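For reference, the structure discussed in these notes is given below.
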Amino acid sequence: MISIQNVKKVYASLKGKVTAVDDVSIDINAGEIFGVIGYSGAGKSTLIRMLNGLEIPTEGSVTVADKQVSRIKGGELRKARQEISMIFQHFNLLWSRTVRENIAFPLEIAGIPKAQRLKRVNELIKLVGLEGREDAYPSQLSGGQKQRVGIARALANNPKVLLCDEATSALDPQTTDSILDLLVDINKRLGLTIVLITHEMHVIRKICHRVAVMEDGKVVETGRVLEVFKNPQQQITKRFVSQVTEPEETKETIEHLLERYPQGTVIQLGFVGESAEQPLITNLIRNFEVTVNILQGKISQTQNGSYGTLFVHIDGEEPEVSKAIAYIKSQQVGVEVIKNGE
Ligand SMILES: Nc1ncnc2c1ncn2[C@@H]1O[C@H](COP(=O)(O)OP(=O)(O)OP(=O)(O)O)[C@@H](O)[C@H]1O
Ligand SMILES: [Mg+2]
């Protein structure tokens, strides 16, 4: 659906040339939710703006839905843009227009007759869950509702691709989750391809199928979200992954737990994918003469499976404890012994 080939973007600034995007190649499949994560200045916005022709690459090519966006201009580009919609961090709504009028705007531009427009707007209002707010002005809406208007407006002309530039960065965590749920729903229902950029790994974890990590204009790592969580390669990726897998208090909590359980063995289990659904603990207690206490844990879902960490305390006689640990290892579960029993 989207093919980015050896794309480079160089800006001329007062301080000299800035390479915002540096030899990036990415292929994105139809129906995929693809995330790009990076810190401020990594080149994310520049990259996404080349997908709808808002920026022209200095080198390389960008093809979206069989159109070479990096080449076409004028009317042809405007037509291509109807298939490539975008939503923004600050919503970019028209403040003097109501919800209904904001959503109708792209339909007016496309020359859709009034009766058809009204029908389509009503459909969209239902799709994004804004019933009852049709006649409100943007200033009367919450942040989440404003982004729903942004999404409805972006979907008005049945695009094939939705681009999201930090679409949830101005929202609180709960509202962020509700907007992300809506994006997943739209992706599934309409088969829409979604490209989103963010600096929050939570967003990637929750809705993306694949992710690319950007640093200094380059893509330094890319893969399926679950694989990247399981096995991050680059330092920067490890840092992003730890945003969601390791709550900051973990280390202290574990030290505290070790004090509370001076005897026995404490282990950290890492679950990925299928193994996270297994009744591992039940099997341990049934099959080995050990006692097992779950000390702390967190299992999270991604679009391609679950992963998580569990800290457990195991007590019993040797060799039962060793056998129990060997059993856990045989179940494709990562095991790290935090403290050996005595
Ligand atoms: N129009 C421009 N002219 C000159 N330099 C630019 C321009 N747009 C972006 N840059 C530079 O290109 C680099 C990448 O910027 P970009 O906005 O793409 O990063 P970003 O990853 O989206 O960052 P943020 O998370 O802060 O939005 C930065 O160094 C920025 O200063
Ligand atoms: Mg940006």
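The values are calculated or read from the model by the stated rules, or taken from the named source; none is laboratory data. Just so it is clear, the structure is predicted and the values come from calculations on it, not from any experiment. Don't worry about glycine lacking a Cβ; one is built from the backbone with ideal geometry, like all the others, and counts go over all protein chains shown. Keep in mind that these areas ignore ligands, DNA and RNA; they rest on the heavy atoms of the full protein, side chains included. Shrake-Rupley method; radii C 1.70, N 1.55, O 1.52, S 1.80 Å.
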Inset, instruction - Quick one: dipole size for region 1-132, taken about the Cα centre, charges +1 on Lys/Arg Cβ and -1 on Asp/Glu Cβ, in debye to the nearest 20. - result: 500 debye
Inset, instruction - Convert 4 °C to kelvin, take the viscosity as 1.567 mPa s, use the Kirkwood radius over C-alpha pairs of the chain as Rh, and evaluate the Stokes-Einstein diffusion coefficient in µm²/s, rounded to a whole number. - result: 57 µm²/s
Legend entry - Accessible area (Å², per residue) of the chain, counting only protein heavy atoms and a probe of 1.4 Å: 50 Å²
Legend entry - C-alpha center-to-center spacing [region 317-342, region 125-189] in angstrom: 47 Å
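Which FRET efficiency value, to the nearest 0.05, do you get for Ser142 and Arg239 by plugging their Cβ-Cβ distance into 1/(1 + (r/R0)^6) with R0 = 56 Å?
For Ser142 and Arg239, the calculated efficiency is 0.95.
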Inset, instruction - Using θ = phi - 60° and the Karplus relation 6.51 cos²θ - 1.76 cosθ + 1.60, list the HN-Hα couplings for region 28-42 in order, rounded to whole Hz, with x at every Gly or Pro. - result: 10, 7, 4, x, 8, 9, 10, x, 10, 10, x, 6, 4, x, 5
Inset, instruction - Take the chain, connect every pair of alpha-carbon atoms lying under 10 Å apart with a spring to form a Gaussian network, then pick out the residue of Ile109, Ile37, Ile26 with the largest mean-square fluctuation. - result: Ile109
Legend entry - Accessible area (Å², 1.4 Å probe, nearest 10) - Arg189: 150 Å²
Legend entry - 19 Å Cα-Cα reach of Lys17 towards lysines, excluding residues that sit fewer than 8 places from it in its own chain: Lys8, Lys9, Lys44, Lys218
Legend entry - Accessible surface of the chain, 1.4 Å probe, proportion on carbon and sulfur as whole %: 46 percent
Legend entry - Mean Cβ count within 10 Å, highest first, over the residues of peptides 78-87, 199-208, 324-333: 199-208, 78-87, 324-333
Inset, instruction - Pick out which of Lys17, Lys238, Lys160 has the largest mean-square fluctuation in a Gaussian network model of the chain, springs linking Cα atoms closer than 10 Å. - result: Lys17
Inset, instruction - Using +1 at the Cβ of each Lys and Arg and -1 at the Cβ of each Asp and Glu in region 9-124, identify which of Ala110, Gly16, Ile72 lies farthest towards the dipole's positive end. - result: Ala110
Legend entry - Percent of beta bridges antiparallel (DSSP, the chain, rounded to nearest 5): 70 percent
